[in-house]
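Asker: Structure below; questions to follow.
A short reminder: the numbers here are calculations on the coordinates, not readings from a lab. Keep in mind that this is a model prediction, so the values were computed, not measured. Positions of Cβ are generated from backbone atoms using ideal geometry, with glycine treated the same way; all protein chains shown enter the neighbour counts.
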Amino acid sequence: MHGIWREGNHFELLPEASRFLPAMFEALERAESSILIELYLMESGRLASALIGALIKAAERGVTVMLMLDGYGAMGLSSEDRQRLEAGGVALRFFNPLGLHSLARNLTRDHRKLVVVDGRVAFTGGFGAVDEFLDAWYEVAMRIEGPVVADWVRLFCRLWDSPLTRGSGASELVHGLSTETHQAEGYRGMTGRVVWGQGYRYQAIRHSLHRQINGARHRIWICTPYFAPTFSLRLRLARAARRGVDVRLLLPGDIHDHPGVRYAGQRFYGRLLKAGVRIHEFQPNFIHAKFSLIDDWVTLGSCNFDHWSLHWNLEANQEVVDRRLAGEVAELFKRNFAASHEIDPQVWSRRPRWQRLKEWLYGSLDGMLSRLR
Ligand SMILES: O=P(O)(O)OC[C@H](O)CO
């Protein structure tokens, strides 16, 4: 199954939790037949409790509710919450729980973020069911309707029914799900496709990004919370900037959940700045969103474009080619650039020694991790 471009979809950009959480909860409340949720992070707390409540309510009115969590990312979900879900009729499965397996197997994580309701509406983005998404982290999601939703359902079904997934939820449940394509009147005919990655074994998201960068004519704007780019990505960005494309990165500032990753990525700033890449560090809070805009091509989803995303994780993004949506994403980028600190190449070249030391230290660690197989 390869990502196929499909016409006649509708994509709505939902920046910030205050937009996407109400939209998701409303969709869950209206569910009539099925709810499929696949998440990397779920930890007991306010958001998880609200989600559990909404899922149990749906199950009680006869909706088939399937929740698939990463076995590592869900370690913060208490046994009480797990029991509550199961007792409430929610089918629960975990992808690849940690165990006495090879290192490679334990490092393989399901990093996708997906909610599908009734096979008709889907949401993806960088979100998880942890309280940080309520107000502490800046996140962006997308609401999806149209034929591509069936591709998200297929992606979910394949993993739910895979030998790497465990749990009390019956694996056969997916056999009854419809992957019929839905197209409603009034859709504005947006073109999109679902792309996914499976570590270094299948890298469609990465190859797609590379193709777009190579062919970019006007702009390449990338937002990622964990900027630890591969050599080939850095090379392509620098080449594009040198040939006159407006290349900008929107990255987190001092507020970061893994500051070491930030230092590791900062070791590449000098060369990128020299090539003409502009780097903006977001100031208001931790920007955890993962979205990019290259000319009129948009990609948004789970992929961080770091070594973990590209070498180990299962990832999935929604790609869209649509001028109007691209305009909205451009406006969102501009608002976020305005709330960022732009790195000045001259000032950066004179940064203190302690900063360079941290870049070297965390950079060496990142280099070692990227060579793990
Ligand atoms: O892996 P992400 O991008 O979903 O982010 C999760 C956080 O890094 C957990 O600390």
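Asker: Mind checking which of 291, 28, 238 is farthest towards the positive end of the chain's charge dipole, using Cβ charges of +1 (Lys, Arg) and -1 (Asp, Glu) about the Cα centre?
Answerer: Going by the Cα projections, it comes out as 238.
Asker: Take residue 170 and residue 246, extend 7 Å from each Cα along the Cα→Cβ direction, and tell me the distance between the two endpoints in nm.
Answerer: Distance between the two pseudo-spin positions: 5.5 nm.
Asker: In addition: Order these by the 10 Å Cβ neighbour count, fewest first: 290, 358. Mind showing how you got there, number by number?
Answerer: Values: 290 27, 358 18.
Fewest-to-most Cβ neighbours within 10 Å comes out as 358, 290.
Asker: Still on this structure, please answer the following. For the chain, modelled as a Gaussian network with Cα springs under 10 Å, which listed residue fluctuates most, 363, 197, 76?
Answerer: Top of the fluctuation ranking is 76.
Asker: Report the local net charge at residue 272: Lys and Arg +1, Asp and Glu -1, summed over other residues whose C-beta lies under 10 Å from its C-beta. Spell out each step's value before the answer.
Answerer: Working: positive: 234, 271, 274, 278; negative: none.
Around residue 272, the surrounding residues sum to +4.
Asker: Under a point spin-label approximation (7 Å from Cα along Cα-to-Cβ), what is the residue 275-residue 61 distance to one decimal in nm?
Answerer: Going by the 7 Å Cα→Cβ label model, 5.2 nm.
Asker: Would you pull out the residues with amide H under 5 Å of residue 304's amide H, same chain only if 5 or more places away, H placed 1.01 Å from N?
Answerer: The list, which skips near neighbours in sequence, is 309.
Asker: How large is ³J(HN,Hα), in whole Hz, for each residue of region 245-255 in order, when computed from phi with the Karplus curve 6.51 cos²θ - 1.76 cosθ + 1.60 and θ = phi - 60°, using x for Gly and Pro?
Answerer: 6, 7, 9, 9, 10, 10, 10, x, x, 4, 7
Asker: To continue, here is another question. Hey, rough spin-label estimate for residue 5 and residue 356, points 7 angstrom out along Cα→Cβ, what's it come to in nanometres?
Answerer: Spacing of the two 7 Å Cα→Cβ label points: 4.7 nm.
Asker: If amide H atoms are built 1.01 Å from N in the plane of the peptide, which residues on other chains or at least 5 residues away come under 5 Å of the amide H of residue 290?
Answerer: Placed amide hydrogens put 126, 140, 301 under 5 Å from residue 290.
Asker: Explain nothing, just compute: Karplus ³J(HN,Hα) = 6.51 cos²θ - 1.76 cosθ + 1.60, θ = phi - 60°, for every residue of region 39-44 in order, whole Hz, x for Gly and Pro.
Answerer: After applying 6.51 cos²θ - 1.76 cosθ + 1.60, I find 9, 7, 9, 8, 10, 4 Hz.
Asker: Determine, for the chain, the count of lysine pairs separated by eight or more sequence positions (or lying on different chains) whose alpha-carbon distance falls under 26 Å.
Answerer: 8
Asker: Tell me, what ³J(HN,Hα) does each residue in region 262-268 have, in order and in whole Hz, if you take phi through Karplus 6.51 cos²θ - 1.76 cosθ + 1.60 with θ = phi - 60° and put x for Gly and Pro?
Answerer: For region 262-268, the Karplus curve yields 5, 4, 4, x, 5, 5, 9 Hz.
Asker: Residue separation times 0.36 nm, minus the C-alpha to C-alpha distance between residue 25 and residue 339: what's the value?
Answerer: Numbers: separation 314, 0.36 × 314 = 113.04 nm, distance 2.87 nm.
Contour length minus the Cα-Cα distance gives 110.2 nm.
Asker: Using the alpha-carbon atoms, what tilt in degrees (0 to 90, nearest 10) does helix 323-338 show relative to the longest principal axis of the chain?
Answerer: Compared with the principal axis, the helix lies near 60 degrees.
Asker: Taking springs between alpha-carbon atoms closer than 10 angstrom, which of 345, 163, 147 fluctuates most in the Gaussian network model of the chain?
Answerer: Among 345, 163, 147, the largest mean-square fluctuation in the Gaussian network model of the chain belongs to 163.
Asker: Then there is this: Take each of the peptides 237-247, 110-120, average the number of other beta-carbon atoms within 10 Å over its residues, and list them starting from the highest. Spell out each step's value before the answer.
Answerer: Values: 237-247: 17.8, 110-120: 24.1.
Packing order, densest peptide first, comes out as 110-120, 237-247.
Asker: Most mobile of 173, 357, 107 per a Gaussian network model of the chain (Cα springs, under 10 Å)?
Answerer: Fluctuation is largest for 357.
Asker: Can you give the FRET efficiency for residue 239 and residue 78, using 1/(1 + (r/R0)^6), R0 = 41 Å, r = Cβ-Cβ distance, to the nearest 0.05?
Answerer: Working from the Cβ atoms, E equals 0.25.
Asker: Which angle from 0 to 90°, rounded to the nearest 10, does the C-alpha axis of helix 204-215 make with the longest principal axis of the chain?
Answerer: 40
Asker: Hey, what angle do you get for helix 17-30 against the long axis of the chain, alpha-carbon based, 0 to 90 degrees rounded to 10?
Answerer: Long axis of 17-30 versus the principal axis of the chain: about 20 degrees.
Asker: Using only the alpha-carbon atoms of region 264-310, report the extent along each of the three principal axes, biggest first, to the nearest angstrom.
Answerer: 29, 27, 25
Asker: Follow-up. Would you please give the FRET efficiency between residue 162 and residue 330, computed as 1/(1 + (r/R0)^6) with r the Cβ-Cβ distance and R0 = 51 Å, to the nearest 0.05?
Answerer: Values: r = 38 Å, r/R0 = 0.74.
Calculated transfer efficiency: 0.85.
Asker: Could the peptides 4-11, 174-181 be put in order, highest first, of the mean number of other beta-carbon atoms found within 10 Å of their residues?
Answerer: Ranked by mean Cβ neighbours within 10 Å, highest first: 4-11, 174-181.
Asker: Using mean Cβ contacts within 10 Å as the protection proxy, how do 25-34, 217-226, 58-67, 307-316 order, highest first?
Answerer: Numbers: 25-34: 16.3, 217-226: 20.6, 58-67: 18.4, 307-316: 23.9.
Put in order of decreasing packing, that is 307-316, 217-226, 58-67, 25-34.
Asker: Just how large is the dipole of the chain about the Cα centre, in debye to the nearest 20, putting +1 at every Lys and Arg Cβ and -1 at every Asp and Glu Cβ? Write down the numbers at each step before the final one.
Answerer: Working: 48 positive and 41 negative charges, 420 e Å.
Computed about the Cα centre, the dipole is about 2020 debye.
Asker: Continuing with this model, one more query. Quick check: net charge around residue 111, other residues with Cβ under 14 Å of its Cβ, Lys/Arg +1 and Asp/Glu -1?
Answerer: Details: positive: 109, 112, 113, 206, 290; negative: 38, 70, 110, 306, 315.
That works out to 0.
Asker: Next up: With the cut-off at 1.5 for a/c, could you classify region 257-373 from its C-alpha gyration tensor as rounded, prolate or oblate?
Answerer: Working: a/c = 2.19, a/b = 1.28, b/c = 1.71.
Since a/c reaches 1.5 but b/c is at least a/b, the shape of region 257-373 is classed as oblate.
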